[in-house]
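Below you'll find the structure, written out as structure tokens, and then a few comments.
The values are calculated or read from the model by the stated rules, or taken from the named source; none is laboratory data. Predicted, not measured: the structure shown is a model, and the values here were computed from it. Cβ placement follows ideal geometry from the backbone for every residue including glycine, while neighbour counts extend to all protein chains displayed. Just so you know, the surface numbers come from the protein's heavy atoms only, side chains and all, with ligands and any DNA or RNA stripped out. Shrake-Rupley method; radii C 1.70, N 1.55, O 1.52, S 1.80 Å.
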Amino acid sequence: MANMTRRRTVELPDHPDFLWVAEQKPKKSYDVIIIGAGGHGLATAYYLAKNHGITNVAVIEKGWLAGGNMGRNTTIIRSNYLWDESAGIYDHSLKLWENLEEEVGYEMFFSQRGVMTLAHSVSDVRSKQRNFYANHVNAVDSVWLTPEEVKEIAPIVNISEDIRYPVMGATFQPRGGIAKHDWVAWGYAKAAADLGVDIIQNCEVTGFDIVNGKVKGVKTTQGDIAANKVGMVAAGHTSVLANMAGFDVPLQSRPLQALVSPLLEQVLDTVIMSGAVHVYVSQAHKGELVMGAGTDSYNSYAQRGGFHVIEHQLAAACELFPIFERAHLLRTWGGIVDIAPDASPIIGLTPVENLYINSGWGTGGFKATPGSGWVMAATIANGEPDALAKPYALDRFISGHLIDEHGAAGVAH
Amino acid sequence: MSTVNFTFDGKQYSGQKGESLASALLRNGVLHFTDSSYKDRPRGVMGLWVEEPNALVNIDSGAGEPMVMSTTIEIVDGLVARSSQGVGDLPDTRDNSRYDKVNRHVDVLVVGAGTAGLEAAKKYSDQGKSVIVVDDKPAAGGHLVYLGQAVPADLLSVLDRENVTYLPRTTVQGLYDQGYSVATERRTDHLDSKVHTEMSRIRTWHIRADHTVLATGAFQRHLVFANNDRPGIMLSHSAATYVSNGANPFKSAVVVTVDNQGYRDAVRLSQAGVTVNAIVDIRNNPSGPSVEAAKAAGIEIITGKTAIDTCEKEDGTVKCVSVGNPDGSDAACIDGDLIAVSGGWTPVVHLATFVGIKPTWDAKLAAFVVKHSDSLTSTAGMLAGDFGGDDNAEIFFGPTLTTEQALVAFVDYQRDATYRDFKRAIDAGMRSIEHVKRYTAIGTAHDQGKTSGTVTMGLIGQAIGKAPDEIGSLTFRPPYITIPFAALAGRDRGLLSDPERTTPIHAWHVASGAPMEDVGQWKRPWYFPKSGENMHAAVLRECAAVREGVGVMDASTLGKIDIQGKDAGQFLDMIYTNMFSTLKVGMSRYGLMCGVDGMVFDDGVTTRISENHWLMTTTTGGAAKVLDWLEEWLQTEWPHLEVYCTSVTEQISTVAIVGPKSRELMSRLAPALDVSNEAFAFMENKHADVAGVPARIARISFSGELAYEINVPAIYGLHIWEAVMSQGADLNITPYGTETMHVLRAEKGFVIVGQETDGTQTPDDLDMSWIVSKKKDDFIGKRSFSRADTARDGRHQLVGILADDGSYVIPEGAYIVAGADANTAPPVKHIGYITSSYDSAALGRSFALALVANGLARKGEKIAIPMADRVVTGVITDSVFVDKENTRRDG
Amino acid sequence: MLHIPCPYCGPRDETEFHYGSEAHVAYPENSANLTDEEWAKFVFIRSNPKGWMAERWVHSAGCRRWFNVWRNTINHEFGPSYKPFTQQPKSPA
């Protein structure tokens, strides 16, 4: 084998010898039941135990742990949101990320490689600049980049003026980055389990036990389980649960697709987002390109979307990153995201006493995992909304006090 | 067979045209193809086709391609391949190959041209249905081709029928809802090693079939024993096929099997001249015709035993296999430079699982199969469990291993994932296949677990005492095999990546050297620089020309919707916040429309052409959205209204002449038209010939200046523009672009939807309460205005901002704090943000528009704008900077 | 790529359509008399069932007409489509 230049990938470290009890069965009752063992649910359980000393907690999951959006996202982490309320909760989350691996004692490949959001037209520049200045007054780190500066940070970006939608600038959040989603979920799960939380998989909620407007427990495929308090952290399935509990939520469940390439030589060491041409890409530690697409337009629980969305996205990717022309599409998949009318989450109390909701993270849930768990735990523990969660109450749709992140956040947060 | 020359890892080889690179390398005696991804262990080819886990190469010739399976590459002269250690190269050069796409509707799609697929094609073709047969290999016939047997002529000839389309070298990559499939056809790589820019290299087929037959066949799987990865250890069916075709680097072999397939392969090896030292069979009492045939061939058969470990030669290839009881005891070596493994068949269930059809475990076949038939999809052949009746597989995935052996017993070769990794996952509490996969990385490589998937399910079952189907179901995701991004981009690259919309006057703009602004898909001239001018200078000049003389702008991109019908006025009253039904014929009115949430959604001028005929204009970017909006209300809420909407954006060219001298120019262009203010008032429309073309002229203004908008059929747009330029030459007619338009309207305090608004502003917020009718019972959005948050005091309102330093243009988007907070470090409470900001020729200084909390009550207050490098101070003002009294619009 | 049965044109590719969410949510005639809660329900609440739902689509790149159709959100299967203000077919469930 002469004359060959071969590249090698890096091997990830091993997961711990023990994570959680296999096939854990539920007890008769708990202080708190969290429905949904995704990132947010597991983080909620962890912070209930860690911050509030509530350890008689079960996280129940209809499938396998972190098998929903937590295992299907593109792992982008940032906090450079437009509105003050968003900056509040997402930057709190980012601060938690910055110490998370140490705190829970689990490798998560949290990498603050920066997140770049490209602007492609005069009006796009204007709205991104507004975002940039909003971040400045909220003390969220943000840098404005010229196309040349974009190229310095990410040499593979085509900044030629001859492409259909040339790069005209970008915001850049240096503290943003990526983490490995499974490792994050497992880290929270293990840390929660170590503190006494039961993690119960293959346990689907089929109804609620509600007496005089107060929740007393849940009915599941593994039997009835009593609880003083119940938190719904079920992302795309929130509407289904809320309807079981007898109330409506302004959420729509939509397919969101993502894709990954096989391992490739390292060509991109930051995260690049372009809402205007629907490209969201990072290159993971081992070398695979991870890309997010837009949501499909229709309601679905099928965890699959249309292939034309993928084709459109790859065409855009080849325009912006000519070096990707030869990259291969390895795998596509879909998640179900729950989207509120203002593209912001819904956190807090519900019409049913002692039943709490945390949903509507839409396309932006992964980055919020620590912050979401933190405020949800506080909300459940105290029986009233945490200060950071308060603006996200269900009643904002009655008052009209929406937190509209459509404009600045684009499709994928 | 003709001979072709190729290069592998810098060395020249020759092989036979049409054979795979893997086959050609074996023919040349190459066993060690590459080293493994993480553990640097020598690896050779295992498989025959896309199940190959090891033998990956980067292609440097032709279009170039990273990390492809050498088993799927047909060698051609000049092919240059480099072994890959599991990481693809991305050369920094463009791939100039052509890629294209084809859409096809068909009665029946048959996936797989093996016997089962051909039979299905025949059946449907006989019924007169249109059929597409898609097969990923170069030739039809499936296993028969591998076995060197003739495909029955009555089946093969089906492919030539008129109602049958046969696509060889075409892979169905995804099966989706409602019979939709995506396939990729490799069209040139097998012809030569050139870059093809005329004929497409890969064609993506989008196929919609009423019925899809999946006859996708099966792959053989391996067994998990110690050192099961050395070069020379292969799947038995693959080894027998290569060797039978003369690609035979082997002298002696041991076949390790769980089924009768191993026996058939042993016989083929033996017939091809390889000495088969033994067949090692886990089963105690193998039986069946294949077993008898092997016995008849004189091959020694060892039953009840299996492979435990292997030894290597000096060059790293396999030397012998140690054979013992399934618990690992009693092991002894048998020599063989080929260890051929038959671990059972794994049907290709991928496409079925893509649409949610769940495979079932067939214990008799030791395989997940898909027996499915409904109106959309059915299965046939090995996928449906038709294994031919002489397999008798034992459910067995590997022997008991010591901890040391487990460290080198590979479950997923490409990921270097071992039985020890697998066992740790189980011990850590992992039970779901998905968790084991994530814990170990099994099934995540280029092959996505084609060989390792079932093996892993089986091992979990063995480990915790359950059948494989109790573990969960095998789920795959598209695509079936990897596809270059460029192939899926197809022709949508370069300027074809998104359509460009241009006005009939576009060529003139381009010729004049105007830089273009992208507004949605439209290309609009941004400004018209004179030689040596930068944008700032050009815009100041253009603005001054409009305010002092006359300018001309191409306004053709504005959305235009023709609205007709007797109820149109009533309809518009519901759509707009202000009253339209009272508008007199021949008059125009500016209107705002809101969503049901009460937030401003679009704006524009609507003209009553005649009693029941209106023309609505929308923002350039909002045209399609507004038309959909109108239709939604008309069709789904108020079908009793007789109103018809038609987009006429592309049918009408609009040329606006603007400025105090526009009246003079208008009279020259339309001599028959009385352009006096008395005869042709503000907001009036007149019909007249302009430069010989019948036109509708509207006296509307987006700058505050006297202005005329000349609307003509689109084909006359350029003619009118040129007439304006020549007739206005001595008036110093000045063409201007979007930037000057923006400055002029901002000076007058006019908003741009999407710039002063972001979907959270009511008309009141924009200081436009005058446009919200108090008389109408209802209009869309009205009810939302009285909600608690929408009706509260202190909402952000449109105001002007003047920086204390008039030479400084505040950046748009900058956030504003109260003057008292000028020196407060962030985080600092802000009171609003700048929406528009420009240098103004008319004012001789900079100015800005902003949305400020309770802004209308705060005029005169000091503000500050903190930025990274400075703090700018200024004052809140009214949002109208020029001609508050509307004295200029009449000239 | 869904294949959507337009009741006017027949089945066509999804890319020709725009989605209109839940069907049969009528604009309230007496909006002025509604409480904020009732109004919010009309503006923001749309059912989001897991299973069959009657929803609206508009054939934007075809006949430009709105219509209703039953569709299963679990597996994207379509039931009958029907024109607005016509009798709603029974749920295929």
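3J(HN,Hα) along the stretch B:4-10, derived from phi through the Karplus expression 6.51 cos²θ - 1.76 cosθ + 1.60 where θ = phi - 60°, amounts to 10, 10, 9, 10, 10, 6, x Hz, with x in place of Gly and Pro.
Peptide B:490-497 has a mean shielding of 5, counted as Cβ atoms of other protein chains within 10 Å of each residue's Cβ. Compute the separation of the alpha-carbon centres of the stretch B:641-680 and the stretch B:151-198 and state it in Å as a whole number. Cα centres, the stretch B:641-680 to the stretch B:151-198: 58 Å.
For the protein assembly as shown, the convex hull spanned by the alpha carbon atoms encloses 182 Å³ per residue. Taking the chain by itself as reference, the stretch A:243-290 contains these residues with an accessible-area loss of 50 Å² or more in the full protein complex (1.4 Å probe, heavy atoms): A:D248, A:Q252, A:L263, A:L264, A:E265. Around the amide H of B:D362, modelled in the peptide plane, lie the amide H atoms of B:A367, B:F368, B:V369, all under 5 Å away and 5 or more residues distant in sequence or on another chain. At a Cβ-Cβ separation cutoff of 4.7 angstrom, cysteine residues of chain B with no neighbouring cysteine are B:C311, B:C543, B:C594, B:C645.
Relative to the Cα centre, the charge distribution of chain B, modelled as +1 at Lys and Arg Cβ and -1 at Asp and Glu Cβ, gives a dipole magnitude of about 140 debye.
Close amide H pairs (under 5 Å, H built 1.01 Å from N) link A:H120 with A:V125, A:M168, residues at least 5 positions away or on another chain. The calculated FRET efficiency for B:T873 paired with B:S769, based on their beta-carbon distance and R0 = 25 Å, is about 0.25. Share of carbon and sulfur in the accessible area of the stretch A:292-372 stands at 54%, probe radius 1.4 Å.
About its Cα centre, the dipole of the protein assembly as shown is roughly 920 debye, where the only charges are +1 on Lys and Arg Cβ and -1 on Asp and Glu Cβ. Working ranking of peptides B:150-160, B:823-833 by packing, defined as the average number of other Cβ atoms within 10 Å per residue, highest first, is B:823-833, B:150-160. Take the accessible area of chain B alone and of chain A alone, subtract that of the pair, and you get about 8500 Å² summed over both chains, using a 1.4 Å probe.
Would you give the gap between the C-alpha center of the stretch B:807-836 and the C-alpha center of the stretch A:82-140, rounded to a whole Å? When both Cα centres are located, 20 Å separates them.
The calculated FRET efficiency for A:T5 paired with B:T403, based on their beta-carbon distance and R0 = 56 Å, is about 0.95. Surface composition of chain B: carbon and sulfur atoms hold 50% of the protein heavy-atom accessible area at a 1.4 Å probe.
In this calculation the C-beta distance from B:E312 to B:N28 is compared with R0 = 25 Å, giving a FRET efficiency of 0.75.
Of C:N30, C:N75, C:N48, which has the largest mean-square fluctuation in a 10 Å C-alpha GNM of chain C? For chain C, modelled as a Gaussian network with Cα springs under 10 Å, the answer is C:N30. No disulfide-compatible partner, judged by a Cβ distance under 4.7 Å, exists for the following cysteines of chain C: C:C63. Counting Cβ atoms of other protein chains within 10 Å of each Cβ in A:119-129 and taking the mean gives 4.
Packing-based ranking of B:138-145, B:163-170, A:13-20, A:36-43 yields A:36-43, B:163-170, B:138-145, A:13-20, ordered from highest to lowest mean Cβ neighbour count within 10 Å. Residue-normalised convex hull volume from the C-alpha trace of the stretch B:559-650: 81 Å³ per residue. With the charge dipole of the stretch B:396-466 set up from +1 on Lys and Arg Cβ and -1 on Asp and Glu Cβ about the Cα centre, the Cα lying farthest toward the positive end among the listed residues B:T403, B:T440, B:A417 is that of B:T440. Label point 7 Å out from B:A822 along Cα-to-Cβ: which residues of the stretch B:855-874 have amide N under 18 Å? Within reach of a label on B:A822, which here means backbone N under 18 Å from a point 7 Å along Cα→Cβ, the stretch B:855-874 contributes B:859-874. Scaling against 2.2 N^0.38 Å puts the C-alpha radius of gyration of chain B at 1.31. When B:K364, A:K128 are compared by accessible area at a 1.4 angstrom probe, the order from most to least is B:K364, A:K128.
When +1 charges are put on Lys and Arg Cβ atoms and -1 charges on Asp and Glu Cβ atoms, the dipole computed for the stretch B:793-885 relative to its Cα centre reaches about 220 debye. For the chain pair B and C, buried accessible area totals roughly 2300 Å², probe 1.4 Å, rounded to the nearest 100. Note on A:20-28: average number of Cβ atoms from other chains within 10 Å of each residue's Cβ is 2. Along the stretch A:18-33 the Karplus relation, 6.51 cos²θ - 1.76 cosθ + 1.60 evaluated at θ = phi - 60°, assigns HN-Hα couplings of 9, 10, 8, 5, 5, 6, 4, 9, x, 7, 5, 8, 9, 5, 9, 10 Hz to successive residues, with x for each Gly and Pro. Around the amide H of B:I609, modelled in the peptide plane, lie the amide H atoms of B:G586, B:W614, B:L615, all under 5 Å away and 5 or more residues distant in sequence or on another chain. Projecting the Cα atoms of A:A387, A:V211, A:V59 onto the charge dipole of the protein assembly as shown, computed from C-beta unit charges around the Cα centre, puts A:V211 farthest toward the positive end. For the stretch A:279-297 versus the stretch B:539-557, the spacing of their alpha-carbon centroids is 45 Å. For the stretch B:666-671, backbone phi angles converted through the Karplus equation (6.51, -1.76, 1.60; θ = phi - 60°) give residue-by-residue couplings of 4, 5, 5, 6, 10, x Hz, Gly and Pro being listed as x. Accessible area per residue for the protein assembly as shown is 34 Å², calculated with a 1.4 Å probe on protein heavy atoms, without ligands, DNA or RNA. Per the accessible-area calculation with a 1.4 Å probe, the total area buried between chain A and chain C rounds to 2000 Å².
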